[in-house]
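What follows draws every value from the coordinates through simple rules; no lab data is involved. Bear in mind the structure is a predicted one, so any value in this text is a computation, not a measurement. Virtual Cβ from ideal backbone geometry, glycine too; neighbours counted across all protein chains shown.
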């Protein structure tokens, strides 16, 4: 029997946060479909607190909530330094794209030769 869940998310990412000493924990980032506790509005993003347990396939528990993930999700890893950016609503692909752009931007002003 499936555990009771509090919220449903789609377009989800299970994010492994890494630091210099290795894995620091996991959070879930996704778009809210339903929140039975009425904290999050449908269509808005959520970035959870630390995942404590994988309760079942695509079911994740934080300290206060069980999230049911629907649709295909992705597992990604990123540096712990990006956690505040996830919490501001940027998805892992948004962050990856921004990092790639920053790497490609030449220094300004150009160095004189």
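Just the ratio, please: alpha-carbon radius of gyration of the stretch 7-104 over 2.2 N^0.38 Å, N its number of residues. Numbers along the way, then the final one.
Working: Rg = 13.3 Å, N = 98, 2.2 N^0.38 = 12.6 Å.
Ratio of Rg to 2.2 N^0.38 Å for the stretch 7-104: 1.06.
Based on other C-beta atoms within 10 Å, arrange 87, 63, 36 from fewest to most.
Starting with the residue having the fewest Cβ neighbours, the order is 63, 36, 87.
Label 7 Å along Cα→Cβ of residue 100; the stretch 7-44 residues with amide nitrogen under 17 Å?
none
Please compute the volume of the convex hull spanned by the alpha-carbon atoms of the stretch 8-56 and report it per residue in Å³.
That works out to 88 Å³ per residue.
At R0 = 22 Å, how high is the FRET efficiency between residue 59 and residue 24 if r is their beta carbon distance? Nearest 0.05 is fine.
Once the sixth-power term is evaluated, E becomes 0.50.
Return 66, 80 ranked ascending by Cβ neighbour count within 10 Å, so the fewest neighbours appear first.
Working: 66 18, 80 15.
Fewest-to-most Cβ neighbours within 10 Å comes out as 80, 66.
Quick one: angle between helix 92-104 and the longest Cα principal axis of the chain, in degrees between 0 and 90, rounded to 10, please.
The answer is roughly 10 degrees.
I need the peptides 38-47, 9-18, 67-76 ranked by packing, meaning the mean over residues of other C-beta atoms within 10 angstrom, with the highest value on top.
9-18, 67-76, 38-47
Would you compute, from DSSP H runs of 4+ residues alone, the mean residue ellipticity of the chain at 222 nm, taking -39500 (n - 2.57) per run and dividing by the full residue count, rounded to the nearest 500?
Rounded to the nearest 500, it is -4500 deg cm²/dmol.
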